Amino acid sequence: MKKIEIFKLTSLNREPLLVEGYLFEGSDPEAPSVAIVGAMEGKTILPLYSASKLIDFLKNSISDSKKILGNILIIPSINHYALNINERFWPLDKTNLNMMFPGYDKGETTQRIAKKVFDAIEGYTHGIILETREDLSTCMPYVKEFKSGFEDLEDAKKFGLKIIHYKALRPTDTVSLQYNWQLWGTKAHSIVCPGETELNENSDEIFESLVNYLNKNNIIKHKFLSAYESAIITSEDIEIIKTPKSGIFIPTKKIGTQVIEDEIIGKVLHSLEGKVIHKIIAPCNGVITCSYKNALILENAVAFRIIKNS
Amino acid sequence: MQIMEIFSSKLPVGENLVIKKSRFEPLAKHDGSKRISIVSGIHGDELEGQYVTYLLASWLKANPNAIRGIIDIYPGVNALGIDSITRGFPLYEVDLNRVFPGGEDEFLPGQLVHALALDVKGSDIAIDIHSSNIFLREIPQIRINKEFSNATLPLAKELNCDFIWIHDAVTVLEATFSHTLNTLGTKTLVVEMGVGMRLTKEYGFQLLTGILNLMKKEGIIETDEAFEVREPFSSEVGDVFYLNSPTSGLFVPALSHCDIIKQDDKIGDIVNPLTGEIIETLFAPHDGILFTLREYPVVYEGSLIARIFGGSDEKN
């Protein structure tokens with residue numbers, strides 16, 4: 001393994017931002033290759049944790065380096081400045097790095113960062129982006145695949161995560177890393193990580209899915225735990241459950257739980273008086289995949305998303 | 001004048017998020033009268049538009065007999081952002097001008113912009129007033145998407161701005177207020193002027209004159225008052241030159257915003273406050289007018305320092 005500099009940026013008052021990639025060179029020049037981009041945002045931990053755990057795994061758990069067949073580049077974080085002060089986006093101008101691709105070397109700071117990252121990861125046969133949801137919810141980990149015309153759903157199944165969310169491309173997605181990486185010929189996928197800021201017993205699920213993916217694409221040779229057969233989900237398969245009342249939100253069913261129609265899955269309390277002002281009822285049989293993550297919920301906010309049993 | 005709520009949502013703790021507009025209508029009905037909507041505060045750190053809407057509402061209140069059409073004023077679209085000095089929509093940290101057209105089933109920012117788009121829909125003209133951001137100071141200018149320029153350019157020339165910048169269609173900008181409303185048939189113009197978190201009084205009066213002039217030309221007001229407007233320069237007859245910071249540091253400008261400059265004139269220095277050194281001195285890449293100048297001194301490599309509008313070499 002060798003560390004390579006992706007970019008270095010000086011700052012008026014902070015230490016320079018040095019972003020490095022960890023390159024594991026494969027033993028088989030014919031094998032496919034993969035680049036993995038970890039934390040682009042600073043308020044969640046799983047993209048960083050999963051990428052860094054994979055580095056440790058490749059370094060220390062694969063005893064025979066010949067079992068790494070294809071080149072693997074892992075960039076665990078490109079936004080240390082945000083992570084270190086719990087900012088979500090680029091700390092100075094609050095721009096979202098994942099809306100700056102393919103980048104521009106003569107542009108604004110985050111466009112330049114995106115360009116340097118894109119130059120480093122271009123040309124890999126496979127690409128993985130570790131993201132979190134844009135809204136105020138947390139979720140089961142899933143693969144996000146745009147209907148871009150370049151997607152490869154069969155390849156996305158190799159992560160072995162339960163869900164692949166196959167979704168329409170919005171105008172703002174055309175400046176995302178996934179779309180541009182695909183446009184440049186890489187089989188790129190996004191894994192949407194739960195938005196937790198703490199780690200727990202389920203935190204290795206994404207790391208395990210990365211190992212599955214590398215294994216199934218013959219980038220590494222490593223016997224590993226079995227994976228799920230992924231279900232491809234579109235917006236028609238998802239029931240959105242909103243709360244008509246704002247207040248204190250108490251989910252009574254966890255993400256990943258199978259629920260039945262008419263079951264109470266959460267409640268909203270009057271935030272000043274404590275009484276229950278709304279009971280959230282499951283409108284269908286299915287699995288809770290997403291839940292609002294803040295204790296104070298807004299009116300008409302999406303409290304839960306349920307994938308309907310079919 | 002009527003004050004109307006266009007969107008309301010109960011917040012979790014004892015407060016409603018309410019977006020309001022004021023509507024000015026003629027004292028007597030006029031057939032075929034037009035409607036104009038003036039929108040500001042989509043970005044919570046931009047206040048110049050609020051000053052313009054204050055001046056406009058004040059003029060309309062003082063001149064009720066001049067009103068021939070409907071004038072809707074939406075001063076503070078991102079109400080939570082404006083009152084908390086937050087550019088995006090608080091909590092969600094999203095730019096409201098990247099989530100149009102929104103929808104009833106979307107997250108709160110999407111619901112809000114959807115309500116705004118529906119309410120403005122049907123207007124003949126809309127003006128979306130922005131003030132750059134906290135980082136840059138801009139002269140009063142109109143930004144126009146080439147896709148809609150046939151309809152909007154003639155209106156832009158009436159607005160008493162200094163510069164009209166016609167830009168190419170970009171997919172990501174389809175999520176903006178102006179693209180959404182132009183698509184819905186409302187001729188929509190975007191004004192950029194001044195700087196974030198501050199008011200520039202002279203720009204406020206300048207744009208007020210332009211809006212009154214446009215409304216008079218369109219028959220929305222009828223008055224003997226004459227509104228003299230300047231002739232803007234346009235990006236059709238020249239090029240925009242960008243100057244980005246080559247390094248990180250503290251930017252100290254050497255020129256005033258809006259100056260006419262020559263190629264190689266000094267724009268400013270990037271300095272190191274710790275060592276007392278000048279790290280870089282920046283020079284103008286071309287002759288022209290300095291229509292954008294860095295206001296917030298902290299810069300990283302790539303931070304925009306200045307934009308200069310100058311005649312292109314071929315056209316000269």
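For the range A:102-113, enumerate the residues that are touching a residue at least 60 places away in the same chain (Cβ under 8 Å) and more than 10 Å from chain B (Cβ to nearest Cβ). Within the range A:102-113, just A:Pro102 meets the criteria. Scanning the range B:1-36 for residues that are within 27 Å of B:Val191 (Cβ to Cβ), part of a loop (DSSP other than H, G, I, E, B) and either hydroxyl-bearing (Ser, Thr, Tyr) or within 14 Å of chain A (Cβ to nearest Cβ) (or both) turns up just one, B:Ser33. In the range B:253-265, is there at least one residue being within 14 Å of another protein chain (Cβ to nearest Cβ) and more than 19 Å from B:Pro140 (Cβ to Cβ)? Checked against the condition, which is being within 14 Å of another protein chain (Cβ to nearest Cβ) and more than 19 Å from B:Pro140 (Cβ to Cβ), the range B:253-265 yields no hits at all.
Just one of (1) closer than 30 Å to A:Val268 by Cβ; (2) crowded, with 20+ Cβ neighbours inside 10 Å; (3) β-branched (Val, Ile, Thr) fails for B:Val18. It is (2). The set of residues from the range A:234-252 being farther than 22 Å from A:Gly195 by Cβ and surrounded by 14 or more Cβ atoms within 10 Å (Cβ to Cβ) comprises just one member, A:Lys245.
Filtered by the rule that a residue be more than 14 Å from every other protein chain (Cβ to nearest Cβ) and touching a Gly at 6+ places or on another chain (Cβ under 9 Å), the range B:231-252 gives B:Val237, B:Gly238, B:Asp239.
Residues are listed down the side, and each one gets a yes or a no for (1) more than 14 Å from every other protein chain (Cβ to nearest Cβ); (2) of a type in the set (A, V, I, L, M, F, W, C):
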residue: B:Tyr51; (1), (2): yes, no
residue: B:Trp59; (1), (2): yes, yes
residue: B:Arg87; (1), (2): no, no
residue: B:Asn97; (1), (2): no, no
residue: B:Pro109; (1), (2): no, no
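Taking the listed residues B:Gly81, B:Gly102, B:Gly76, the one that is within 24 Å of A:Phe89 (Cβ to Cβ), more than 14 Å from chain A (Cβ to nearest Cβ) and surrounded by 21 or more Cβ atoms within 10 Å (Cβ to Cβ) is B:Gly76, with no other qualifying. Would you point out the residue of the range B:124-138, among those that are of a type in the set (S, T, N, Q) and within 14 Å of another protein chain (Cβ to nearest Cβ), that is nearest to B:Gly204 (Cα to Cα)? Here the answer is B:Ser132.
If the condition is being of a type in the set (A, V, I, L, M, F, W, C), without any contact (Cβ under 8 Å) to a residue 12 or more places away in the chain and under 13 Å from B:Val13 (Cα atoms), then the range A:268-310 contributes only A:Leu272.
Strands (runs of 3 or more DSSP E) wholly in the range A:196-310 with at least 1 residues that are within 14 Å of chain B (Cβ to nearest Cβ) - which ones? Where strands (runs of 3 or more DSSP E) fall fully within the range A:196-310 and carry at least 1 residues being within 14 Å of chain B (Cβ to nearest Cβ), they are A:238-242, A:247-251, A:264-269, A:276-281, A:286-292, A:302-308.
Once the range A:1-44 is narrowed to residues that are among the basic types (Lys, Arg) and within 14 Å of chain B (Cβ to nearest Cβ), the residue that is farthest from A:Gly185 (Cα to Cα) is A:Arg14. Would you check if there is a residue in the range B:281-290 being surrounded by 19 or more Cβ atoms within 10 Å (Cβ to Cβ) and on the phi > 0 side of the Ramachandran plot? Scanning the range B:281-290, I find at least one residue that is surrounded by 19 or more Cβ atoms within 10 Å (Cβ to Cβ) and on the phi > 0 side of the Ramachandran plot, so the answer is yes. The set of residues in the range B:37-75 being over 13 Å from B:Ile129 (Cα atoms) and part of a loop (DSSP other than H, G, I, E, B) consists of B:Asn63, B:Arg68, B:Gly69.
Within the range B:257-293, can you find the residues that are in a strand (DSSP E or B) and more than 25 Å from A:Phe7 (Cα to Cα)?
B:Ile260, B:Ile261, B:Lys266, B:Ile267, B:Gly268, B:Phe283, B:Gly288, B:Ile289, B:Leu290, B:Phe291, B:Thr292, B:Leu293
The set of residues in the range B:219-240 being within 30 Å of B:Phe283 (Cβ to Cβ) and either at pLDDT 95 or above or assigned to a loop (DSSP other than H, G, I, E, B) (or both) consists of B:Arg230, B:Glu231, B:Pro232, B:Gly238.
May I ask you to list the residues in the range A:253-282 that are surrounded by fewer than 17 Cβ atoms within 10 Å (Cβ to Cβ) and over 18 Å from A:Cys139 (Cα atoms)? Those that are surrounded by fewer than 17 Cβ atoms within 10 Å (Cβ to Cβ) and over 18 Å from A:Cys139 (Cα atoms): A:Ile260, A:Glu261, A:Asp262, A:Glu263, A:Ile264, A:Leu272, A:Glu273, A:Gly274, A:Lys275, A:Val276, A:Lys279, A:Ile281. Within the range B:150-169, the set of residues being crowded, with 19+ Cβ neighbours inside 10 Å and under 15 Å from B:Glu192 (Cβ atoms) comprises B:Thr152, B:Ala156, B:Leu159, B:Asn160, B:Cys161, B:Asp162, B:Phe163, B:Ile164, B:Trp165.
The values are calculated or read from the model by the stated rules, or taken from the named source; none is laboratory data. Bear in mind the structure is a predicted one, so any value in this text is a computation, not a measurement. Cβ sites come from the backbone with ideal geometry, for glycine too, and all protein chains shown count toward neighbours.
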